[in-house]
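Structure record follows, encoded as structure tokens.
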């Protein structure tokens, strides 16, 4: 196994910190060590996620954990159902089954939280976007949303990849 000495580790940590800081400021760049794209993704809570959460809430009336496949099967009659629901864990709206409690439940099983139920019942708002850097949650938008508002948000690839607001033309840059 490759091991770095203290000087090399310090240099890598310094480069990592600089790349992270630039990416958090909105720069899209390549890691100088591995050439991976380093980009801040602002994931909007959208209709597919709310439908997934509502399907999970219905299934969780039995108090058990349920898989994404079960949720998709339950909501198959709905237009716009998707698999982004697992991201709701970052908003605290769902929990994943703990490994030590899995028993016969398959991996990737979830249950709705009280916060998730309150969100669906329109009793609370949550951040409209979760911010991810290299698949790590690094923060949330200050803008909040209700479940009803989020249902009106369709998934928008350009918004995610280019940082554009859903209503902006591709030549305009978002400030959020």
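The values are calculated or read from the model by the stated rules, or taken from the named source; none is laboratory data. Please read all numbers here as calculations on a predicted model, not as lab measurements. Here Cβ is always computed from backbone atoms with ideal geometry, including for glycine, and neighbour counts include all displayed protein chains.
List of remarks:
- Elements of type helices (runs of 4 or more DSSP H) in the stretch 1-96, at least 3 residues being modelled with pLDDT under 80 and touching a strand residue (DSSP E or B) at 6+ places or on another chain (Cβ under 8 Å): 6-24
- Some residue of the stretch 125-148 being under 12 Å from residue 56 (Cβ atoms) and either outside any helix (DSSP H, G or I) or modelled with pLDDT of 75 or more (or both): no
- Residues in the stretch 128-148 that are closer than 16 Å to residue 47 by Cα and without any contact (Cβ under 8 Å) to a residue 60 or more places away in the chain: 144, 146, 148.
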